[in-house]
Amino acid sequence: MSQNEAYFNTNKKLWNAKVQHHVKSDFYNMEGFLRGETSLRKIELALLPDLNGKKLLHPQCHFGQDTLSLERLGANCTGVDFSETAIQKAKAIRDQLGMKSDFIACNVYDMDKHVQDIFDYIFCSYGVITWLPDLNRWAHQLSKRLKHGGELIFVEFHPLLYMFDWDTGELTYEYFNQGKPESEVESGTYADNDADIALKEYFWMHSQSELIQALIDNGFIINEFKEYDYSPYKIFDQCKFRAEQEYVYKPGKISLPHVFSIRAQKA
Ligand SMILES: C[S@@+](CC[C@H](N)C(=O)[O-])C[C@H]1O[C@@H](n2cnc3c(N)ncnc32)[C@H](O)[C@@H]1O
């Protein structure tokens with residue numbers, strides 16, 4: 001087993017364990033979702049084109065709320081996640097709602113072995129690349145699955161925010177990828193502080209230049225790049241509510257970038 005596979009196996013255990021807690025959490029608001037509310041936030045809703053009849057791939061879909069929200073906007077969706085527990089739950093929710101998105105359990109780096117379709121759009125969001133050691137291989141996998149002229153719509157937490165320890169609010173982590181992961185034992189989860197989970201996780205820091213160069217090197221043209229001074233989620237305790245779907249971490253009086261978005265087209 002390669003070193004990265006060992007890291008992925010550790011992370012997969014954690015993500016498998018999170019699912020049952022997330023499904024019940026206020027954060028994921030399953031009741032509202034089952035009633036028809038979207039799980040998508042205003043940031044990505046403002047970026048999404050008309051999806052009616054379009055084929056959309058959703059890597060790292062967790063238990064599928066966003067995938068199914070994208071189906072509600074008219075897309076024919078395929079969600080991918082390496083957590084078998086998450087994919088099982090996604091299929092169960094889909095069936096409960098009589099929807100039709102396809103869900104596939106595989107590592108994002110192995111998508112070319114498990115997903116054959118070519119898509120009009122790829123969507124990924126919030127908490128995705130930090131679980132991946134190598135953005136070049138990630139961008140390669142995305143590029144392979146997009147048609148020429150197709151678009152990646154990507155919304156992610158800002159690397160600056162990842163430099164803080166979210167428990168203490170202190171600047172702790174490197175900005176640049178060190179070629180090896182950081183690790184922590186996570187107690188509880190971002191969606192449920194009280195979840196009885198204490199498992200190790202491995203994550204990687206990715207600078208904006210590393211990301212943008214990986215996309216360029218894999219045939220993407222960057223059409224739009226935006227940064228936001230808020231997060232739609234209260235991702236850690238020190239974040240204060242500012243407005244609907246706007247949480248802000250402001251050490252002193254300084255405004256920080258919290259989230260960024262990219263629309264990148266496959267040439
Ligand atoms: C923070 S969640 C995605 C967030 C999504 N916006 C949500 O809240 O539903 C990250 C997801 O990435 C998945 N993941 C992590 N590493 C992966 C990998 N190497 N291949 C595929 N999925 C992975 C996890 O199982 C998890 O479901």
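Using a 1.4 angstrom probe and counting only protein chains, how large is the accessible area of residue 111 in Å², to 10?
Only protein atoms counted, so the area is about 0 Å².
Going through the cross-link list 18/200; 24/200; 91/200, which pairs have a Cα-Cα distance over 24 Å in this structure? Don't skip to the end; give the middle numbers.
Values: 18/200 12 Å; 24/200 22 Å; 91/200 27 Å.
Long pairs (Cα-Cα over 24 Å): 91/200.
Principal axis extents for the chain, Cα atoms only, whole Å, descending order, please.
In descending order, the Cα extents are 47, 44, 42 Å.
Looking at the square roots a ≥ b ≥ c of the eigenvalues of the Cα gyration tensor of the range 43-106, which shape do they give, rounded for a/c under 1.5, prolate if a/b is larger than b/c, or oblate? Please report the intermediate quantities before stating the final value.
On the way: a/c = 2.00, a/b = 1.53, b/c = 1.31.
Prolate, because a/c is 1.5 or more and a/b exceeds b/c.
Using the Cα centre of the range 195-267 as the reference point, and only Cβ charges (+1 on K/R, -1 on D/E), how large is the resulting charge dipole? Debye, rounded to the nearest 20. Write down the numbers at each step before the final one.
Details: 9 positive and 10 negative charges, 39 e Å.
I would put it at about 180 debye.
Sort the range 177-267 into rounded, prolate or oblate with this rule: let a ≥ b ≥ c be the square roots of the eigenvalues of the Cα gyration tensor; rounded if a/c is under 1.5, and if a/c is not under 1.5, prolate when a/b is larger than b/c, oblate otherwise. Write out the running numbers ahead of the final one.
Working: a/c = 2.21, a/b = 1.30, b/c = 1.69.
Judged from the Cα gyration tensor, the range 177-267 comes out oblate (a/c at least 1.5, b/c at or above a/b).
Just 153, 254, 87 to compare: in a GNM of the chain, with alpha carbon springs under 10 Å, which one fluctuates most?
Comparing 153, 254, 87 in a Gaussian network model of the chain, the most mobile one is 254.
May I ask you to compute the full-extension gain from residue 223 to residue 171, defined as 0.36 nm times their residue separation minus their alpha-carbon distance, rounded to one decimal in nm?
15.6 nm
With charges only on Cβ, +1 for K and R and -1 for D and E, what is the dipole size of the chain about its Cα centre, in debye, rounded to 20?
On the way: 29 positive and 38 negative charges, 140 e Å.
Approximately 680 debye in magnitude.
For residue 163 and residue 38, calculate 0.36 nm times their separation in residues minus their Cα-Cα distance, and state this gained length in nm to one decimal. Don't skip to the end; give the middle numbers.
On the way: separation 125, 0.36 × 125 = 45.00 nm, distance 3.01 nm.
42.0 nm is the gain from fully extending residue 163 to residue 38.
Leaving out ligands and nucleic acids, note down the accessible area per residue over the range 192-235 with a 1.4 angstrom probe, in whole Å². Provide the component values of the computation, followed by the final result.
Working: 2130 Å² over 44 residues.
Accessible area per residue: 48 Å².
Please check: in the Gaussian network model of the chain (C-alpha springs, under 10 Å), which one of 44, 156, 184 has the largest mean-square fluctuation.
Taking springs between Cα atoms under 10 Å, the residue moving most is 184.
Averaged per residue, what accessible area in Å² does the range 24-175 show with a 1.4 Å probe, protein chains only? The partial results should precede the final answer.
Numbers: 6220 Å² over 152 residues.
Per residue, the range 24-175 has 41 Å² of solvent-accessible surface.
What percent antiparallel are the DSSP beta bridges of the chain, to the nearest 5? Walk me through the numbers before you get to the answer.
Details: 27 of 44 bridges.
If we restrict to bridges inside the chain, about 60 percent are antiparallel.
Summing +1 for each Lys or Arg and -1 for each Asp or Glu, what net charge is found among the other residues whose Cβ lies under 15 Å from the Cβ of residue 252?
Numbers: positive: 240, 250, 253; negative: 170, 229.
Net local charge, residue 252 excluded: +1.
What are the ³J(HN,Hα) values, in whole Hz, obtained from phi via the Karplus relation 6.51 cos²θ - 1.76 cosθ + 1.60 with θ = phi - 60°, for each residue of the range 47-61 in sequence order, with x given for Gly and Pro?
Using θ = phi - 60°, the values come out as 8, 6, x, 5, 9, 4, x, 8, 8, 10, 9, 10, x, 6, 7 Hz.
Go through 238, 260, 14 and say which Cα lies farthest out towards the positive end of the charge dipole of the chain; charges sit on Cβ, +1 for Lys and Arg, -1 for Asp and Glu.
260
Measuring from label point to label point, each 7 Å out along Cα→Cβ, what is the residue 4 to residue 242 span in nm?
3.6
How big is the gap, in Å, between the Cα center of the range 1-70 and the Cα center of the range 126-180?
16
Above 19 angstrom, tally the Cα pairs of the range 132-237 and express them as a % of all pairs, no decimals. Walk me through the numbers before you get to the answer.
Numbers: 3026 of 5565 pairs.
When every Cα pair of the range 132-237 is considered, 54 percent fall beyond 19 Å.
About the Cα centre, and with charges only on the beta carbon of Lys, Arg (+1) and Asp, Glu (-1), how big is the dipole of the range 102-171? Nearest 20 debye, please. Spell out each step's value before the answer.
Details: 5 positive and 11 negative charges, 74 e Å.
Dipole size: approximately 360 debye.
The values are calculated or read from the model by the stated rules, or taken from the named source; none is laboratory data. Small disclaimer: the values here were computed from a predicted structure and weren't measured. Heads up, the Cβs are rebuilt from the backbone with ideal geometry, glycines too, and the neighbour counts pull from every protein chain shown. Each accessible area value is taken on the protein alone, full model and side chains, heavy atoms only, with ligands, DNA and RNA left out. Shrake-Rupley method; radii C 1.70, N 1.55, O 1.52, S 1.80 Å.
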